[in-house]
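Down below is the structure, laid out as structure tokens.
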Amino acid sequence: MKQVIVLFNDSDPVLARVARVKLKTEAGWDVKITANYDEALQAVTATGASILVTELILADNQGRTGFDLIEAIRKDKSPEELPIVVLSELRQEEDKAEALAKGADYYYAKSEIGIKDLIERVQEIIGQE
């Protein structure tokens, strides 16, 4: 079975570290952490990621967001090649609609999903039981 590589893109270093530990220990996945648009875009290709989990609010000195990242990735990778899960502080329906329209496959507000639920969703998405 192919090793699952989760690319976790979030500007919050504490959340990123917690996510890496939980996803590694509870699901056995290899987790690569990125914190902004450039790192994530480069890592999509460099890591051979199985799935991207990204925040929409990114620390980016050029004003780029997770919306921009999703759009850039979808120019080269289909949902079958790289599923994209948004895990965001943004909870408005407009934000969800925009992310999905730009090519995200799933959208969860951070306040509405715990790490165990996230693991279950990712397992379903990548077809791993």
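When Cα Rg over 2.2 N^0.38 Å is calculated for this entry, the matching label among (1) 1.15; (2) 0.95; (3) 0.99 is (2).
Could you list, in their original order, any pairs among LYS24/LYS116; LYS24/LYS110; LYS2/LYS96; LYS32/LYS116; LYS2/LYS77 whose Cα atoms are separated by more than 24 Å?
Numbers: LYS24/LYS116 12 Å; LYS24/LYS110 19 Å; LYS2/LYS96 31 Å; LYS32/LYS116 18 Å; LYS2/LYS77 19 Å.
Beyond 24 Å between Cα atoms: LYS2/LYS96.
Simple spin-label estimate for ILE5 and THR45 gives 1.3 nm between the two label positions (7 Å along the Cα-to-Cβ direction from each Cα). Once both labels are positioned 7 Å from their Cα atoms along Cα-to-Cβ, the gap between GLU93 and LYS75 label points is 3.2 nm.
A Cβ-based charge dipole, computed about the Cα centre of the chain with Lys and Arg at +1 and Asp and Glu at -1, lands at about 380 debye. Ellipticity at 222 nm from helices only: DSSP H runs of n ≥ 4 in the chain, each -39500 (n - 2.57), divided by the residue count, give -13500 deg cm²/dmol.
Each value in this text was obtained by applying a stated rule to the coordinates, not by laboratory testing. Quantities reported herein were computed from a predicted structural model and do not represent experimental measurements. Using ideal geometry, Cβ is built from the backbone for each residue, glycine included, and neighbour counts are taken over all protein chains shown.
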